[in-house]
1. Work out, step by step, the length gained on full extension between Leu117 and Ser234: first 0.36 nm times the residue separation, then minus their alpha carbon distance; give nm to one decimal.
2. Would you mind classifying the stretch 39-94 by shape? Square roots of the alpha carbon gyration tensor eigenvalues, ordered a ≥ b ≥ c; an a/c under 1.5 is rounded, otherwise it is prolate if a/b is larger than b/c and oblate if not.
3. Which percentage, to the nearest 5, of the DSSP beta bridges contained in the chain is antiparallel?
4. Could you order Ser66, Ser92 by accessible surface area, starting with the largest, using a probe radius of 1.4 Å?
5. With an 8 Å Cα cut-off and a minimum separation of 6 or more residues, compute the relative contact order for the chain in percent.
6. Among Lys175/Lys225; Lys162/Lys255; Lys2/Lys130; Lys162/Lys212, which pairs are too far apart, with a Cα-Cα distance over 19 Å?
7. Between Lys77 and His29, 0.36 nm times their residue separation minus their Cα-Cα distance comes to what?
8. Length gain on complete extension for the stretch Trp19 to Leu85, per 0.36 nm per residue less the alpha carbon to alpha carbon distance?
Amino acid sequence: MKVFIMTDLEGATGVCGTWQDFNPGGREHERARRFLTRDVNAAIEGAYEGGADEVVVLDGHGAAFSIIPEELDERAKLIRGRRVLEMEGLDSTFDAVFAIGAHAMAGTQNALLPHTLSLSIANIWVNGIKVGEIGLWAAIAGTYDVPLVLVTGDEAAVKEAKQLLGDIECVAVKKATSMYAALCLHPNVTYKMIKEAAMRALKKAKEVKPFKVKSPVELKVEYTKVDFADRIASRPGVKRIDGRTIIAVADDIIKAMALAL
């Protein structure tokens, strides 16, 4: 069984504060990297104990240098560096996707650092369904007939995942008390929780249906500023709805995102 692990930083164990706190140069940057790498290692360990024979991890935060390679479980392969595609390396040879360190979509209440892809985006809809990064990842995976079977992150991210994808395995590693603060579980506790959830997720992976978006895919993006939409609206195949909102239609979600984002 082959597992693809998509990662982000905001939803990792113990990570909180502003982006300036934990992005490169921030006072919490190195600690946040260790927290994320530890969460990913828990998922890798659980995956192998759950029956995986290959695990590929995508470093998915920012410039994609958040995971510490020398501290990563040596059984896994790591994709790092600025990527072309949102889920670089994923294809139909995989059997399951994990999302480790996820956060809630832009505008979510009681969530830690909620946003969708970047601070320039207010909202995204896929075929009329409002989604965040979790939904986009699930849709991309669904294009390859691969189910998203595990999500870890803050409590709001877990709630979002279950509302969209149903009764998949989820681990809430913290609960936001404000946009920049959270009540965090101890890393030793979350390591065990993530490992056990990964094992359970793989054991029932074949029962989880991929999140498939019907073609043609309509991707509507509301940007936070008019000038952001100005740049996108000039692209062939993109329709402008209002000052900040555009729509792109394509055969699949991957092509639609290439047009609209």
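The values are calculated or read from the model by the stated rules, or taken from the named source; none is laboratory data. Because the structure is predicted, anything quoted here is derived from the model rather than measured. Positions of Cβ are backbone-derived with ideal geometry, glycine not excepted, and every protein chain shown enters the neighbour counts. Only protein heavy atoms, including side chains, enter the accessible area calculation; ligands, DNA and RNA are left aside. Shrake-Rupley method; radii C 1.70, N 1.55, O 1.52, S 1.80 Å.
1. Numbers: separation 117, 0.36 × 117 = 42.12 nm, distance 2.08 nm.
Fully extending the segment from Leu117 to Ser234 adds 40.0 nm.
2. Details: a/c = 2.47, a/b = 1.31, b/c = 1.88.
It is oblate, given that a/c is not under 1.5 and a/b is not larger than b/c.
3. Working: 22 of 44 bridges.
Given both bridge residues lie in the chain, the antiparallel proportion sits at roughly 50 percent.
4. Details: Ser66 5, Ser92 85 Å².
Ranking Ser66, Ser92 by accessible area, largest first, yields Ser92, Ser66.
5. Details: 618 pairs, mean separation 55.0, N = 261.
So the answer I get is 21 percent.
6. On the way: Lys175/Lys225 30 Å; Lys162/Lys255 26 Å; Lys2/Lys130 30 Å; Lys162/Lys212 16 Å.
Check vs 19 Å cut-off fails for Lys175/Lys225; Lys162/Lys255; Lys2/Lys130.
7. Working: separation 48, 0.36 × 48 = 17.28 nm, distance 2.28 nm.
Here the segment from Lys77 to His29 would lengthen by 15.0 nm.
8. Values: separation 66, 0.36 × 66 = 23.76 nm, distance 2.27 nm.
Residue separation times 0.36 nm, minus the Cα-Cα distance, leaves 21.5 nm.
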